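> Supplied in C-alpha cells, the structure appears directly below.
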Amino acid sequence: MRFDLSEEQQLLVDITQQFLAKESPSDALRGWTRKAAGEPYRQWWRRCASLGWLGIFAPESVDDPGSVFGAPMIDAAIVSELVGGSLAPSALLGSSVAVWAIGNVAPDHTSSLDGVLDGSRIATFALEEASASRNLGTIASTARRQGQDLILTGTKINVPDATTADLFVVACRVDDSIALVLVPADAPGVDTAPRQSLDLLREYGDIRFDDVRVRANALVTVGIGTAQPAEQARRIATCLQLAESVGAVDRISRLLIDYARERHAFGRPIGGFQALKHRIADVTLWVESCKGTVDAAVDAVSNDAEDADLLISVAKSFLGDRSIRVAQECTQMFGGIGLTWEHDAHRYLRRLTTNRALLGTPEQHRARIADILRLRDGRGGTDDH
C-alpha cells in the first residue's frame, strides 16, 4: 500500500517482512505444495496469527490490540500485500472476513472469536455460488426457520480453507433477506470437498449444506430486503485479494529487475539490451498502475465511499488482466530458468491466475462498471453486484 504510514503501521510492515523472510523463504514454499491444509498448516497459521494479523478487524470489546491506525481495511491490505509478495500459505483472507463479520456486524457474537484471533481455530467465509458470482441477491442457499433453529440448505463454491476451517460464515437467504449465519464445520450435514486448484499453495473447496441445523442465535445479521452484510463482506474480501495480487506482481517484477542486472550475456547485463529495456519498462508501468487502482479501491472501502463498488470493479478488471500479462512477461524474460519447477515464476503465475477467476472475473467486473455508470447517468442498468 502506498499510503502515508504511521509509525505503528511501519512497525507492522517491518515485523511482517522480517517474519516472512525468516519463516517463509522462497525455498520453503516447495514444501507446502499441495499441503496447505491439515495440522502442519494449522501450526503454521498459529505462528502467523501470533503477529496480530486477525486482530486488525477485531472490535474494541475483545482483548486484542485491533487496528494499529484505526483504519482496519488499510492495515489488513498492507499485511495482505506483504503475504502476497511472499506467497506464504495463509488463511488471512477468509479469516479476516469472518472476524469482521462476527466482531463488527454482530458484537453479541464475539464469543465466537474465541480461538480464532490467536489462530488455534480457523474461520472462513462462504459467499460464492455457481449462480451468484456477481449478484448476491440471487443467492440460492437458504436458512429456513424451524422453531428456535435454522435449517441450512445449499452449496457454496471456492471456499478458502474449506476442509481445514472450524467455522464458516455463510451468506444465505433468510426470509426475504440475505443474512450471514455461523455454521460449525463439524455440524451434521456439512459436507466439504476439496477442489483441485491451480494454486499449489492454497486450498479451496466446495461445501454442501444438507439440512444443517443450527440455533437461531447463529444468525449474525440480516439486512432487511438487502444483501448489504454479504456485500460488505465481499468488498473486504475482494480488496484483500487485490492487495495480495499487487504484492505478487510487485515481487515478481522486482525479481525480474534484479535478474536483468545480474544475468550477463555477450559481456553485459541483459537489462542493458534495448529490446528487454522496453519490455521491463512496460511491466513496471503496469505494476505501478495496478498499485494505483488497488490503493484507490482500498481507500474507498476504508472510508465507505459512495463509489467503492465502482473502484473495486475497476481495480479487479484491470489487475485481473494485467497481472497475468506481467507474470507471463517476467517468466519469458527470465529465460529457460523461468520455466523450471524450481523457479518461483510459475507459482506467482498460478496465484495470479487463480485470483483472477475468484470473486468475479475481469469480464464480470467490466459488466458491473457498465451497470454502475448507466445507473449513474440515469439510463438504467441491472442492479447486480
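The values are calculated or read from the model by the stated rules, or taken from the named source; none is laboratory data. These numbers were taken from a predicted model, which means no experiment stands behind them. Every residue, glycine among them, receives a Cβ derived from its backbone with ideal geometry; neighbour counts consider all protein chains shown. The accessibility values were calculated without ligands, DNA or RNA, using every heavy atom of the protein model including side chains. Shrake-Rupley method; radii C 1.70, N 1.55, O 1.52, S 1.80 Å.
> Only one residue in Trp53, Trp32 is in contact with a Ser or Thr (Cβ under 9 Å, 6 or more places away or on another chain), modelled with pLDDT of 90 or more and not charged (D, E, K, R). Which one?
Criteria check complete, one pass: Trp53.
> Can I ask one more? Every residue in the range 118-135 that is modelled with pLDDT of 80 or more, open to solvent by less than 30 Å² (accessible area, probe 1.4 Å) and not polar (S, T, N, Q), please.
Gly119, Ile122, Ala123, Phe125, Ala126, Leu127, Glu128, Glu129, listed by residue number.
> Oh, and also: In the range 188-207, is there at least one residue being touching a helix residue (DSSP H, G or I) at 6+ places or on another chain (Cβ under 8 Å), open to solvent by less than 10 Å² (accessible area, probe 1.4 Å), hydrophobic (A, V, I, L, M, F, W, C) and at pLDDT below 90?
No, the range 188-207 contains no residue that is touching a helix residue (DSSP H, G or I) at 6+ places or on another chain (Cβ under 8 Å), open to solvent by less than 10 Å² (accessible area, probe 1.4 Å), hydrophobic (A, V, I, L, M, F, W, C) and at pLDDT below 90.
> With the structure loaded, tell me whether Val174 is over 17 Å from Ala130 (Cβ atoms), of a type in the set (Val, Ile, Thr) and either open to solvent by 10 Å² or more (accessible area, probe 1.4 Å) or at pLDDT below 90 (or both) or whether it fails that test.
Answer is yes for this residue.
> On to the next question. Only one of (1) of a type in the set (Val, Ile, Thr); (2) open to solvent by less than 10 Å² (accessible area, probe 1.4 Å); (3) over 30 Å from Ala28 (Cα atoms) is not met by Val326, so which one is it?
Exception for Val326: condition (3).
> Every residue in the range 3-25 that is part of a helix (DSSP H, G or I) and open to solvent by 50 Å² or more (accessible area, probe 1.4 Å), please.
Initial filter on the range 3-25 (part of a helix (DSSP H, G or I)): 7-23.
Once the filter is applied, which keeps residues that are part of a helix (DSSP H, G or I) and open to solvent by 50 Å² or more (accessible area, probe 1.4 Å), the range 3-25 yields Glu7, Glu8, Gln10, Leu11, Asp14, Ile15, Gln17, Gln18, Ala21, Lys22, Glu23.
> Within the range 333-344, which residues are in a helix (DSSP H, G or I) and open to solvent by less than 20 Å² (accessible area, probe 1.4 Å)?
Of everything in the range 333-344, those that are in a helix (DSSP H, G or I) and open to solvent by less than 20 Å² (accessible area, probe 1.4 Å) turn out to be Met333, Gly338.
> Of the residues that make up the range 345-365, is at least one over 23 Å from the mean Cα position of the chain (by Cα), outside any loop (DSSP other than H, G, I, E, B) and either aromatic (Phe, Trp, Tyr) or surrounded by fewer than 18 Cβ atoms within 10 Å (Cβ to Cβ) (or both)?
Checked the range 345-365: no residue is over 23 Å from the mean Cα position of the chain (by Cα), outside any loop (DSSP other than H, G, I, E, B) and either aromatic (Phe, Trp, Tyr) or surrounded by fewer than 18 Cβ atoms within 10 Å (Cβ to Cβ) (or both).
> Can you tell me which residue among Val294, Val220, Val283 is more than 30 Å from Leu54 (Cα to Cα) and either among the hydroxyl-bearing types (Ser, Thr, Tyr) or touching a helix residue (DSSP H, G or I) at 6+ places or on another chain (Cβ under 7 Å) (or both)?
Values: Val294 fails: more than 30 Å from Leu54 (Cα to Cα); Val220 fails: more than 30 Å from Leu54 (Cα to Cα).
Just one listed residue meets the conditions, Val283.
> Do we find a residue being open to solvent by 30 Å² or more (accessible area, probe 1.4 Å) and not in a helix (DSSP H, G or I) anywhere in the range 273-286?
yes
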